[in-house]
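The values are calculated or read from the model by the stated rules, or taken from the named source; none is laboratory data. For clarity, every value in this text was computed on a predicted model and none was experimentally measured. Please note: Cβ atoms are built from the backbone with ideal geometry, for glycine as well, and neighbour counts cover all protein chains shown.
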Amino acid sequence: MHNRAFHKHFKVVGPAVLPVIHVQDQAQIDRNIAVAVGCGAQGVFLINHDFDVDRFLPILEQCRNANPLLWMGVNFLGVTGREAFPILGRLEKKGLLIDAYWADDACINEKNEIQTDAEEIEAIRQESSWSGLYFGGTAFKKQRVVDPEDYSLAAKLASQWMDVVTTSGVATGQAAEPEKIATFRCAVGDSALAVASGVTPENVKNYAPYVDAILVATGVNEADDFYNLDGARLARLIENCRYADSSREPARLNDNSSERRWYLRHMAPTVKGDTFAWLDPSSAYINGRAFTAMVDDLVDPFRSDKIDVVAGVDAAGYVLGAALAVRLGTGIVTVRKAGKLPVPTDEVEFVNYTKRPQSLELRVPAFRPGTKVLLVDQWIETGGTIGGAIELIERQGGIVVGIAAIAIEQTPATLALQKKYRCVTSVLPQSDYQAQCNKKYMDFFDEFNWESIFPDVI
């Protein structure tokens with residue numbers, strides 16, 4: 001399943017949070033569903049941890065009848081799709097739709113060229129006529145062990161046979177290595193990806209930038225209680241998903257560590273020659289999910305800093321700067337090309353990236369001396385424009401706390417800038433994308449898909 005379709009399905013930008021309820025009885029289910037819905041979860045999974053499927057089915061029917069509009073998935077513990085899909089198909093023919101089925105073992109074997117088991121399960125699924133989403137466990141806890149060197153291959157194979165590739169840590173309650181999840185993200189590409197086991201409000205930011213769904217149980221349960229959700233912990237996990245810190249540098253991946261900043265692939269190549277910049281980063285603003293992820297990456301490192309105002313540099317810096325200002329709860333001041341402001345201004349001349357002289361202006365006064373300023377621009381090529389903006393801010397006694405930009409090309413001048421000021425960029429300084437930026441050509445230009453940047457339609 002394409003992750004764009006997945007997010008459209010759930011009407012979410014970040015990962016869908018789907019708490020897992022270990023079923024005891026109807027009263028316990030009702031209590032936990034109320035907690036999940038009240039916290040803003042997109043749905044729930046029910047699992048028969050303590051009894052067999054035959055006893056589970058009447059409980060499912062009762063739960064669905066009591067909650068007809070709830071998104072509800074199911075995990076039949078210890079059962080594969082061979083047995084599950086016929087059951088789900090029969091339920092649907094009775095008018096009882098289960099929205100999703102999650103199998104701990106989707107029977108993917110990266111050692112085999114032909115996925116005989118997965119093919120058989122898919123044929124049974126088609127025959128059942130069940131219409132829900134299939135979450136298939138791959139390199140999943142308590143199943144066949146997969147060598148970490150084979151994670152990428154296993155994930156890539158899995159994406160061909162299920163709607164949502166689903167992986168986990170090595171045991172219940174044990175968190176997956178972030179590198180594993182990042183590897184899966186790279187391997188599955190635009191397919192939907194879910195993580196289960198060991199996710200908590202404290203570590204969810206390690207996973208949220210990579211996954212489309214989070215299946216969580218023990219990490220948001222009441223203390224020493226396997227069966228009941230803790231509303232406060234679940235609410236905190238959901239909130240932390242919204243502001244996931246994807247600025248953390250993960251372990252470098254074998255294939256392309258930059259893929260964690262997937263939205264950068266929305267930047268478009270120029271088609272109009274040297275008169276224009278060599279790419280259009282603002283193309284990444286068009287898609288809401290991409291723009292949100294980009295803003296999250298840029299703003300989160302500054303959340304603990306005292307910032308009084310954001311300064312956006314003419315012109316694309318206004319767009320990015322305004323988004324960061326809203327997140328930080330500050331105002332925005334614009335550093336403009338000379339001659340644009342109808343108020344008293346201070347002006348500075350500099351040499352821009354085209355090696356031509358240019359002037360910037362800032363209103364006078366723009367702020368009180370001692371004001372802490374976050375400076376935002378779209379792209380820093382030579383450092384000339386940003387240097388002019390810094391000069392204008394510091395002339396009025398402003399303190400440049402940091403600089404946020406999609407990328408800073410590496411030159412002696414910009415490296416000196418990065419040593420003097422705290423710089424946060426969407427393009428990670430040691431990534432493959434950084435090297436491509438320095439060469440002024442992104443590898444993905446060769447197969448750029450213009451439709452990929454279109455806004456998601458909900």
Reported set for segment 126-145 where residues are out of contact with any strand residue (DSSP E or B) (no Cβ under 7 Å at 6 or more places or on another chain) and crowded, with 18+ Cβ neighbours inside 10 Å is S128, W130
*Going by the conditions given, is G397 in contact (Cβ under 8 Å) with a residue 24 or more places away in the chain and within 24 Å of N438 (Cβ to Cβ)?*
no
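So that you can scan it fast, the table gives a plain yes or no per residue for (1) at pLDDT 85 or above; (2) closer than 19 Å to G43 by Cα; (3) surrounded by 24 or more Cβ atoms within 10 Å (Cβ to Cβ):
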residue: P178; (1), (2), (3): yes, no, no
residue: F184; (1), (2), (3): yes, no, yes
residue: A187; (1), (2), (3): yes, no, no
residue: D190; (1), (2), (3): no, no, no
residue: L193; (1), (2), (3): yes, yes, yes
residue: T200; (1), (2), (3): yes, yes, no
residue: N203; (1), (2), (3): yes, no, no
residue: P209; (1), (2), (3): no, no, yes
residue: L215; (1), (2), (3): yes, yes, yes
Only one of (1) surrounded by fewer than 14 Cβ atoms within 10 Å (Cβ to Cβ); (2) in a helix (DSSP H, G or I) does not apply to N112, and that is (2)
Among the residues of segment 40-64, the number that are among the β-branched types (V, I, T) and in contact with a strand residue (DSSP E or B) (Cβ under 6 Å, 6 or more places away or on another chain) is 2
Listed by first then second residue, the pairs whose first member lies in segment 403-416 and is in contact (Cβ under 8 Å) with a residue 40 or more places away in the chain, whose partner is of a type outside the set (K, R) and in a helix (DSSP H, G or I), with beta carbons under 6 Å and at least 6 positions apart or on separate chains, are A404/L298; I406/P281; A407/C437
Reported set for segment 293-321 where residues are within 21 Å of the chain's Cα centre (by Cα) and closer than 14 Å to D377 by Cα is M294, V295, L298, V299, V319, L320, G321
Of Y207, Y134, the only residue that is of a type in the set (F, W, Y) and in contact with an Asp or Glu (Cβ under 9 Å, 6 or more places away or on another chain) is Y134
So, first residue farther than 25 Å from A27 by Cβ and at pLDDT below 85 in segment 229-250, second residue of a type in the set (G, A, S) and assigned to a helix (DSSP H, G or I), Cβ within less than 9 Å, six or more apart or across chains; the pairs are A244/A293; S246/A293; E249/S257; P250/A182; P250/S257
When every residue in segment 340-361 that is of a type in the set (A, V, I, L, M) and without any contact (Cβ under 8 Å) to a residue 40 or more places away in the chain is compared, the one surrounded by the most Cβ atoms within 10 Å (Cβ to Cβ) is L341
Every listed condition ((1) on the phi > 0 side of the Ramachandran plot; (2) touching a strand residue (DSSP E or B) at 6+ places or on another chain (Cβ under 9 Å)) holds for G397 save (2)
Scanning segment 142-160 for residues that are in a loop (DSSP other than H, G, I, E, B) and more than 23 Å from the chain's Cα centre (by Cα) gives K142, Q143, R144, V145, V146, D147
Within segment 176-191, residues assigned to a loop (DSSP other than H, G, I, E, B), without any contact (Cβ under 8 Å) to a residue 40 or more places away in the chain and either closer than 22 Å to H9 by Cβ or hydrophobic (A, V, I, L, M, F, W, C) (or both) come out as A176, G189
Checked segment 165-187 for anything farther than 22 Å from R261 by Cβ and among the β-branched types (V, I, T); matches are T166, V170, T172
With the first residue restricted to segment 140-160 and required to be at positive phi, and the second required to be loosely packed, with under 14 Cβ neighbours inside 10 Å, Cβ contacts under 6 Å at 6 or more apart or on different chains are none
Quick check: is even one residue across segment 393-400 in a strand (DSSP E or B) and among the polar types (S, T, N, Q)? no
